[in-house]
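The values are calculated or read from the model by the stated rules, or taken from the named source; none is laboratory data. All figures in this text were calculated on a predicted structure; none of them were measured in a lab. Using ideal geometry, Cβ is built from the backbone for each residue, glycine included, and neighbour counts are taken over all protein chains shown.
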Ligand code: FES
């Protein structure tokens, strides 16, 4: 299953965007120097919204206490055991979708 999130043009290069999901959760989309990345919108340290963070190339800095994350790997740069989980995306044309497993079948962009 895939969920439409927004248009590529809605996430300008070097910026983040909050996307509300059904049920009230949100995710953060970032247009890094390597492409569009998505993570849960909660910092693993103390729960700050990550879409408010500062993005430089593919490095995100949380504005509450300065933890930094590599958005290619999800690894926290200054806290060894912390990380972000990168959420699977599909970009088809200008549309960005969140991929979610349904049943045992994994879907790709063409499904
Ligand atoms: S809540 Fe993000 S660094 Fe503390």
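From the set of residues in region 28-47 that are outside any loop (DSSP other than H, G, I, E, B) and within 16 Å of the ligand (Cβ to nearest atom), which is surrounded by the fewest Cβ atoms within 10 Å (Cβ to Cβ)?
40
Starting from region 53-73, take each residue that is farther than 13 Å from residue 84 by Cα and list its partners that are outside any loop (DSSP other than H, G, I, E, B) and near the ligand (Cβ under 9 Å from one of its atoms), counting only C-beta distances under 7 angstrom and pairs at least six apart or across chains.
53/61; 54/61
Step by step: first the residues of region 76-85, then only those that are over 14 Å from residue 53 (Cα atoms) and in a loop (DSSP other than H, G, I, E, B), then the one that is nearest to the chain's Cα centre (by Cα). Which residue is that?
Residue satisfying both the conditions and the ranking: 85.
Could you list all residues from region 50-75 that are in a loop (DSSP other than H, G, I, E, B), within 12 Å of the ligand (Cβ to nearest atom) and out of contact with any strand residue (DSSP E or B) (no Cβ under 7 Å at 6 or more places or on another chain)?
Scanning region 50-75 gives 62, 64, 65, 66.
Of all residues in region 10-25, count the ones that are modelled with pLDDT of 95 or more and closer than 20 Å to residue 100 by Cα.
4
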